[in-house]
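A.B. asks: The following block contains the structure, expressed as structure tokens.
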Amino acid sequence: MIKITLKDGSVKEIEKGTQAIEVVKSISEGLARAALAVDLNGKTYGLDKTIDEDSSFTVYTFDDQEGRDALRHTASHVLAQAVKRLFPNAKLAIGPAIKDGFYYDFDSEESFTPETLVKIEDEMRKIVKENLRLERFPLTREEALKLMEEKDEPYKVELIRDLPEDEVLSFYKQGEFIDLCAGPHALSTGKVKAFKLTSCTGAYWRGDSKNKMLQRIYGTAFTKKSDLDEYLAAVEDAKKRDHNKIGREMEFFTTVDVIGQGLPILLPKGARVIQLLQRFVEDTEQRLGYQLTKTPLMAKSDLYKLSGHWDHYKEGMFVMGDESKPNAEVFALRPMTCPFQYHVFLNRMRSYRDLPMRLAETSTLFRNEDSGEMHGLIRVRQFTISEGHIIMRPEQLEEEFKGSLELARYMLETLGLDDDVSYRFSQWDPNDKEKYIGTPEQWDEAQSVMEKILDHLQVPYTVGVGEAAFYGPKLDIQIRNVHGKEDTLITIQIDQMLAEKFGMEYIDVDGSRRTPYIIHRTSIGCYERTLALLIEKYAGALPCWLMPTQVVVMPITDRTADYAKSIAKNLEQAGIRVETDLRNEKIGYKIREAQLEKIPYMLIIGDKEAEAEVVAVRSRSEGDLGTMKYDEFLGKITFEIATMAK
RNA sequence: GCUGCUGUGGCUCAAAGGUAGAGCACGUCACUCGUAAUGACGGGGUUGUGAGUUCGAUUCUCACCAGCAGCUCCA
């Protein structure tokens, strides 16, 4: 007999070799129906796992991530089985569970279309109905290779070949279908009650663009149909907030074929919001001791050769001039501000008294992104970033890093995005040294310094290997768009290498020359991207302080036009961005238009208001607020703007 | 860059191998109206660009450009 300890602390005695599912059944039949996986001593297993030693015992259902993954991973096997039934020549690659669903990659002659997906779904439904048991069985590497070679699955063979010699591999069999898989899985295909194939796209084998492109089918699965429907509705709902749609509809920006990809035109409304953000950022930074700079948008190639960009970033730059001609002047538009701002420091001999030197610039950058990368305002070829570099004595690093992080967090909080971000500690990839400058020792040092600071500041982060800049590690503040795709909003980077390359030195207290450390940082990210994410966050209804028009005054008839105009004039003098709608239209029509434009406040002025010298206030979010004195309304909106209320 | 889809007036969408239509928007006129669309009339498109097939293409084919989703890459 062995002992298992349940989540509530109670201990059960069972016979050695008992299957996990039997234990779950002994707890409750209902739980056994909902169970999808178990945890034994901190490791997740399928319910068919036999228990051979004293263990802690936790049951996972669909409410747990582990349970969800087991179900969705099973769904991916059902998908693969269906594809193999319909297209026997399709080759299997990999098919994991992912956030919100699963996918499976296939190499198939047949090009999968939305119509194909419908057929595959039908076949999947049959497989679910057949309620096939998923049986796990181990094979040695040799046996596994033989099996997959027999089945003519070259991608599986490649996967197995890359595993260690002595590894015992696990396989899962459901009916006629067998797949190499570590598991865990639900016990049978019948558990995949509610599923949907959502899209099919291309994806490189092993995520490497040098490899063949396979066909990936995405799907999702739930235990209940209602949950599936709810999820699909939420996805549809999120798409309605897509900045690329409403940003164009609301005339924040547009793009034009003849101008080019990734080169959006910011229309008056979009430009206004960005101007407001810039003023806010520049003022805040100056209050925090940053000095504003204005440096050139381009430079000779010599500068980038010195900075390392020419060797490490040339593909991403727009180069002007014919390099092949001897003595020809070759320029490049700047992809980063770093080397330009270094020359602010280099302008004269610096003392430790000058440090930390905090330099900020509203900096327009140009990056030659690959043609498929552009996305609305989120990923563009020309953008303007709240750039900055802090040049400091090494011992000031933690304090300055902390200051940079606090500033970034203040910005996020002000914009209401603080709960939507995650932190990534982006490190170098020691196996890909070509991508980086510096020695492994320098990288180890820079990264351990950053790790220490992050731990000290108690920043909850994930690690991104290979995500570092070529000159140093980064703290990236990540955010997801409405499609669930993650992008960097803000970044703070430690650079212990470029200062030396540029010959940056300062005279320390003791008269010695020392090389400073540099922090590359942005406080609010790049304005185009930030605007995009704000539009998605608020579905276009930006906080009042950021709205291009904050109030529309609308008289009901000509009789009150003069009173309306005087109200508007007063608001304007009080610094409110106000418009008047004097058109000869019904009030309902004017309100409808203002609502669609997400104008925060509408002041409706009829005879009654003019008579009583009040304004009837309508809020875009709360509707009719009734009448109030002009001063009361001014106080209300002024307070809202001053507090940057969301 | 790769895979797939898409491209018709400012926007949303119809139609069709024989040179295109609706709604919204826009303009004019009438209506002076109480919290999300008043009515009438009018203007506006060589169907993304270029080439090919055809008696004839906007419709079929190819290339390019742009947009979308995903992959890869990245702020």
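Just so it is clear, none of the values below were taken in a lab; they were calculated from the coordinates. What you see is a predicted model; the values in this text were computed from it and never measured. Counting neighbours? That spans all protein chains shown, and the Cβs are built from the backbone with ideal geometry, glycine included.
A.B. asks: Estimate the FRET efficiency between A:Glu143 and A:Ser422 by the formula 1/(1 + (r/R0)^6), using the beta-carbon distance for r and 56 Å for R0, to the nearest 0.05. The partial results should precede the final answer.
C.D. replies: On the way: r = 42 Å, r/R0 = 0.75.
After rounding to 0.05, the efficiency reads 0.85.
A.B. asks: Then there's this: Within region A:566-643, report the trypsin sites (Lys or Arg not before Pro) that DSSP leaves as loop and that have at most 14 other Cβ atoms within 10 Å. Intermediate values should be presented prior to the final figure.
C.D. replies: Working: sites: A:Lys569, A:Arg577, A:Arg583, A:Lys586, A:Lys590, A:Arg592, A:Lys598, A:Lys608, A:Arg618, A:Arg620, A:Lys629, A:Lys636; in loops: A:Arg577, A:Arg583, A:Lys586, A:Lys598, A:Arg620, A:Lys629.
When the trypsin sites (Lys or Arg not before Pro) of region A:566-643 are filtered for loop state and at most 14 Cβ neighbours within 10 Å, A:Arg583, A:Lys586, A:Lys629 remain.
A.B. asks: With an 8 Å cut-off on Cα pairs and a minimum separation of 6 or more residues, tell me the relative contact order of region A:544-642 in percent. Could the numbers behind the result be given before it?
C.D. replies: On the way: 153 pairs, mean separation 29.1, N = 99.
Relative contact order, region A:544-642: 29 percent.
A.B. asks: Which of A:His343, A:Val38, A:Leu417 sits closest to the plus end of the dipole of chain A, meaning its Cα is farthest towards the positive end, when Lys and Arg get +1 and Asp and Glu get -1 on the C-beta?
C.D. replies: Highest projection toward the positive end goes to A:Leu417.
A.B. asks: Which FRET efficiency value, to the nearest 0.05, do you get for A:Asp455 and A:Ser226 by plugging their Cβ-Cβ distance into 1/(1 + (r/R0)^6) with R0 = 25 Å? Intermediate results must be reported in sequence, preceding the final value.
C.D. replies: Numbers: r = 43 Å, r/R0 = 1.72.
Once the sixth-power term is evaluated, E becomes 0.05.
A.B. asks: Which listed residue (A:Met1, A:Ser28, A:Tyr231) has the Cα farthest towards the positive end of the charge dipole for chain A, taking +1 on Lys and Arg C-beta and -1 on Asp and Glu C-beta about the Cα centre?
C.D. replies: Sorting the options by dipole projection puts first A:Tyr231.
A.B. asks: Post the alpha-carbon centroid distance, region A:503-524 to region A:264-297, in whole angstrom.
C.D. replies: If we compute the Cα centre of each part, the gap is 26 Å.
A.B. asks: Okay, next question. At a threshold of 8 angstrom on Cα-Cα distance, excluding pairs fewer than six apart, so keeping six or more, what relative contact order does region A:465-545 reach in percent? Mind showing how you got there, number by number?
C.D. replies: Values: 104 pairs, mean separation 19.6, N = 81.
Computed over region A:465-545, the figure is 24 percent.
A.B. asks: 5 Å is the cut-off here: which amide hydrogens, built 1.01 Å from N in the peptide plane, fall below it relative to A:Gly175, excluding neighbours closer than 5 in sequence?
C.D. replies: A:Arg133
A.B. asks: How large is ³J(HN,Hα), in whole Hz, for each residue of region A:47-53 in order, when computed from phi with the Karplus curve 6.51 cos²θ - 1.76 cosθ + 1.60 and θ = phi - 60°, using x for Gly and Pro?
C.D. replies: 6, 8, 4, 8, 9, 10, 8
A.B. asks: Next question. Note the angle between two axes, namely the Cα long axis of helix A:630-642 and the longest principal axis of the Cα atoms of chain A, as a number of degrees from 0 to 90, rounded to the nearest 10.
C.D. replies: Approximately 50 degrees, to the nearest 10.
A.B. asks: Convert each backbone phi in region A:573-585 into a coupling constant with the Karplus relation 6.51 cos²θ - 1.76 cosθ + 1.60 (shift: θ = phi - 60°), then list the ³J(HN,Hα) values in order as whole Hz, x for Gly and Pro.
C.D. replies: Those phi angles translate into 5, 7, x, 8, 7, 10, 10, 10, 10, 8, 4, 7, 10 Hz.
A.B. asks: Hey, rough spin-label estimate for A:Tyr204 and A:Thr462, points 7 angstrom out along Cα→Cβ, what's it come to in nanometres?
C.D. replies: For the pair A:Tyr204/A:Thr462, the computed spacing is 2.0 nm.
A.B. asks: So for the pair A:Lys16, A:Arg409, with labels modelled 7 Å out along Cα→Cβ, what separation do we get in nm?
C.D. replies: 5.2
A.B. asks: Restricting to DSSP loop positions (anything but H, G, I, E, B) with no more than 16 other Cβ atoms inside 10 Å of their own Cβ, which GluC sites (Glu not before Pro) remain in region A:586-641?
C.D. replies: Numbers: sites: A:Glu593, A:Glu597, A:Glu609, A:Glu611, A:Glu613, A:Glu622, A:Glu632, A:Glu640; in loops: A:Glu597, A:Glu613, A:Glu622.
The qualifying sites are A:Glu613, A:Glu622.
A.B. asks: How tilted is helix A:587-596 with respect to the longest principal axis of chain A? Cα atoms for both, answer in degrees (0 to 90, nearest 10).
C.D. replies: Between the helix axis and the principal axis of chain A, the angle is about 60 degrees.
A.B. asks: Cα gyration tensor of chain A, axes a ≥ b ≥ c as square roots of the eigenvalues: rounded (a/c below 1.5), prolate (a/b > b/c) or oblate? Please report the intermediate quantities before stating the final value.
C.D. replies: Working: a/c = 1.95, a/b = 1.32, b/c = 1.48.
Here chain A falls in the oblate category.
A.B. asks: To continue, here is another question. Please work out the FRET efficiency for the pair A:Glu399 and A:Ala271, using the Cβ-Cβ distance as r and a Förster radius of 25 Å; give the result to the nearest 0.05. List each step's numbers first, then the result.
C.D. replies: On the way: r = 36 Å, r/R0 = 1.45.
That pair, A:Glu399 with A:Ala271, gives E of 0.10.
A.B. asks: Return the long-range amide H neighbours of A:Ala37 (sequence gap of 5 or more, or a different chain), with a cut-off of under 5 Å between placed amide H atoms.
C.D. replies: Close amide H contacts, sequence-distant or interchain: A:Tyr60.
A.B. asks: Taking the alpha-carbon distance from A:Lys300 and a cut-off under 28 Å, which lysines remain once sequence neighbours fewer than 8 residues away in the same chain are dropped?
C.D. replies: A:Lys314, A:Lys325, A:Lys433, A:Lys435, A:Lys474, A:Lys501
A.B. asks: Alpha carbon centre of region A:350-395 versus region A:41-111: separation in Å?
C.D. replies: Each part's Cα centre sits 43 Å from the other's.
A.B. asks: Please give the contour-minus-distance gain from A:Asn327 to A:Asn211: 0.36 nm per residue of separation, less the Cα-Cα distance, rounded to one decimal in nm.
C.D. replies: Details: separation 116, 0.36 × 116 = 41.76 nm, distance 3.96 nm.
In short, 37.8 nm is gained.
A.B. asks: Roughly what would the spin-label model give for A:Glu167 and A:Arg241, points 7 Å off Cα along C-beta, in nm?
C.D. replies: Computed distance between label sites A:Glu167 and A:Arg241 equals 4.0 nm.
A.B. asks: So what is the relative contact order for chain A, in percent, with contacts set as C-alpha pairs under 8 Å and at least six apart? Don't skip to the end; give the middle numbers.
C.D. replies: On the way: 1182 pairs, mean separation 58.0, N = 646.
9 percent.
A.B. asks: Right, next: Give a residue-ordered list of calculated ³J(HN,Hα) values for region A:113-129 (Karplus: 6.51 cos²θ - 1.76 cosθ + 1.60, θ = phi - 60°; whole Hz; x for Gly, Pro).
C.D. replies: 10, x, 5, 4, 4, 4, 5, 5, 4, 4, 5, 4, 4, 4, 5, 5, 5
A.B. asks: To the nearest 500 deg cm²/dmol, what mean residue ellipticity at 222 nm is calculated for chain A from DSSP H runs of n ≥ 4 alone, each contributing -39,500 (n - 2.57), summed and divided by the residues? Before the final figure, lay out the partial values.
C.D. replies: Values: 20 runs with 226 residues, N = 646.
Result for chain A: -10500 deg cm²/dmol, rounded to the nearest 500.
A.B. asks: Full extension from A:Asn89 to A:Asp257: what is 0.36 nm times the residue separation minus their Cα-Cα distance, to one decimal in nm? Don't jump to the answer; show the numbers that get you there.
C.D. replies: Numbers: separation 168, 0.36 × 168 = 60.48 nm, distance 4.14 nm.
Length difference between fully extended and current span is 56.3 nm.
A.B. asks: Under a Cβ-only charge scheme (Lys and Arg +1, Asp and Glu -1), can you give me the dipole magnitude of region A:544-642 about the Cα centre, in debye to the nearest 20? Write out the running numbers ahead of the final one.
C.D. replies: Details: 14 positive and 17 negative charges, 48 e Å.
It works out to roughly 220 debye.
A.B. asks: Taking amide H positions as placed in the peptide plane 1.01 Å from N, state which residues far from A:Leu214 in sequence (5 or more) or on other chains have amide H under 5 Å from it.
C.D. replies: Long-range HN contacts for A:Leu214: A:Ala203, A:Tyr204, A:Trp205.
A.B. asks: Here's something else I'd like to know. Could you pull out which residues in region A:85-115 have an amide N less than 11 Å from a spot 7 Å beyond the Cα of A:Asp152, following the Cα-Cβ vector?
C.D. replies: A:88-91
A.B. asks: Only four residue types carry charge here, +1 at the Cβ of Lys and Arg and -1 at the Cβ of Asp and Glu. Report the dipole size of chain A about the Cα centre in Debye, rounded to the nearest 20. All intermediate terms of the calculation are to be shown ahead of the outcome.
C.D. replies: Working: 88 positive and 108 negative charges, 258 e Å.
Here chain A has a charge dipole of around 1240 debye.
A.B. asks: Only loop residues by DSSP count here, and only those with at most 15 other Cβ atoms within 10 Å; note down the trypsin sites (Lys or Arg not before Pro) in region A:475-555 that meet that. Display every interim value, and only then the final one.
C.D. replies: Numbers: sites: A:Arg480, A:Lys485, A:Lys501, A:Arg513, A:Arg514, A:Arg521, A:Arg529, A:Lys537; in loops: A:Lys485.
For trypsin sites (Lys or Arg not before Pro) across region A:475-555 that sit outside H, G, I, E and B with at most 15 neighbouring Cβ atoms in 10 Å, the list reads A:Lys485.
A.B. asks: Now for a different question. Find how much the distance from A:Glu373 to A:Leu292 grows on full extension, using 0.36 nm per residue of separation minus their present alpha carbon separation; answer in nm with one decimal.
C.D. replies: Values: separation 81, 0.36 × 81 = 29.16 nm, distance 3.15 nm.
Extending this stretch completely gives an extra 26.0 nm.
A.B. asks: Here is a further query. Rank these for me by crowding, A:His73, A:His520, going from fewest to most other beta carbons within 10 Å.
C.D. replies: The order, fewest Cβ neighbours first, is A:His520, A:His73.
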